[in-house]
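Below is one structure, written out as structure tokens; the observations come after it.
The values are calculated or read from the model by the stated rules, or taken from the named source; none is laboratory data. Every value quoted in this text rests on a predicted model; they were computed, and no experiment measured them. In this analysis, Cβ positions are derived from the backbone assuming ideal geometry, glycine residues included, and neighbour counts consider all displayed protein chains.
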């Protein structure tokens, strides 16, 4: 899940804490387990939440972490509602004009999901052509579809739950997204046993 994107021997210059806000405001989402989600008692938790807290502990400053819809993350930064967003935002030319990005620290494979009995022989551009594919808007997964599966009918949805429901209820033929989050959904109760992975993983 976390490849060797970082050299453990590298030493990074510590930022000047005097130039940072006294309270660092982070934004994330709450629909992307195990990275960011709400527990049964209503607590926001996950890998990204823990990472944000670790950053603040290392810098010895306080921080707040708020969950918002994914498609509002960059707008919220533009409107100075937060100082940073920690989520799977696609780092592309358009998003880089709006925000500065850290170096890459995490990578997970992407997968297609289909309703049971309606899977693909192979998840190739030819097999996916003309099929409707749900994806979360503004993510690296949407960018990947538009680059390599541009003959598909790409249907962006505002969040993962909406995209998954579109597949479960038959509004689309396929769903494309993060394999870890999709595996949790497929094996959980909310999928109602509707669907299964189809084709292999995509790592680039």
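Could you list, in sequence order, all residues of segment 92-119 that are assigned to a loop (DSSP other than H, G, I, E, B) and buried (at least 16 other Cβ atoms within 10 Å of the Cβ)?
Narrowing segment 92-119 to residues assigned to a loop (DSSP other than H, G, I, E, B): 92, 97-109, 116-119.
Hits for segment 92-119 are 108, 119.
Quick one: in segment 123-141, which of the residues that are in a loop (DSSP other than H, G, I, E, B) and under 18 Å from residue 108 (Cβ atoms) is farthest from the chain's Cα centre (by Cα)? Steps first, answer last, please.
Step one: of segment 123-141, the residues in a loop (DSSP other than H, G, I, E, B) are 123-124, 129-131, 137-138.
Adding the requirement that they be under 18 Å from residue 108 (Cβ atoms) leaves 123, 138.
Working: 123: 21, 138: 9 Å.
The residue in question is 123.
Conditions tested, residue by residue: (1) under 22 Å from residue 95 (Cβ atoms); (2) part of a helix (DSSP H, G or I).
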residue	(1), (2)
143	yes, yes
146	yes, yes
150	yes, no
162	yes, yes
167	no, yes
172	no, no
177	yes, no
191	no, no
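So residue 77 ticks every box in (1) in contact with a helix residue (DSSP H, G or I) (Cβ under 8 Å, 6 or more places away or on another chain); (2) surrounded by 10 or more Cβ atoms within 10 Å (Cβ to Cβ) but one. Which box is left unticked?
Evaluating residue 77 over (1) in contact with a helix residue (DSSP H, G or I) (Cβ under 8 Å, 6 or more places away or on another chain); (2) surrounded by 10 or more Cβ atoms within 10 Å (Cβ to Cβ) leaves (1) as the failure.
What pairs come out if I take residues in segment 101-120 that are in contact (Cβ under 8 Å) with a residue 24 or more places away in the chain and pair them with residues that are loosely packed, with under 13 Cβ neighbours inside 10 Å and not in a loop (DSSP other than H, G, I, E, B) whose C-beta lies under 6 Å away, six or more apart or interchain?
109/201; 111/201
Each row is one residue, and each column tells you yes or no for (1) touching a helix residue (DSSP H, G or I) at 6+ places or on another chain (Cβ under 6 Å); (2) in the same structural domain as residue 69 (by TED's automatic domain parsing); (3) within 19 Å of residue 31 (Cβ to Cβ); (4) modelled with pLDDT under 95.
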| residue | (1), (2), (3), (4) |
| --- | --- |
| 101 | no, no, no, yes |
| 105 | no, no, no, yes |
| 114 | no, no, no, no |
| 120 | yes, no, no, yes |
| 127 | no, no, no, no |
| 132 | no, no, no, no |
| 135 | yes, no, yes, no |
| 151 | no, no, no, no |
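I'd like to know if segment 37-50 contains one or more residues that are touching a helix residue (DSSP H, G or I) at 6+ places or on another chain (Cβ under 8 Å) and either outside the structural domain of residue 162 (by TED's automatic domain parsing) or farther than 27 Å from residue 174 by Cβ (or both).
Start the filter on segment 37-50 by keeping residues that are touching a helix residue (DSSP H, G or I) at 6+ places or on another chain (Cβ under 8 Å), which leaves none.
No, that holds for no residue.
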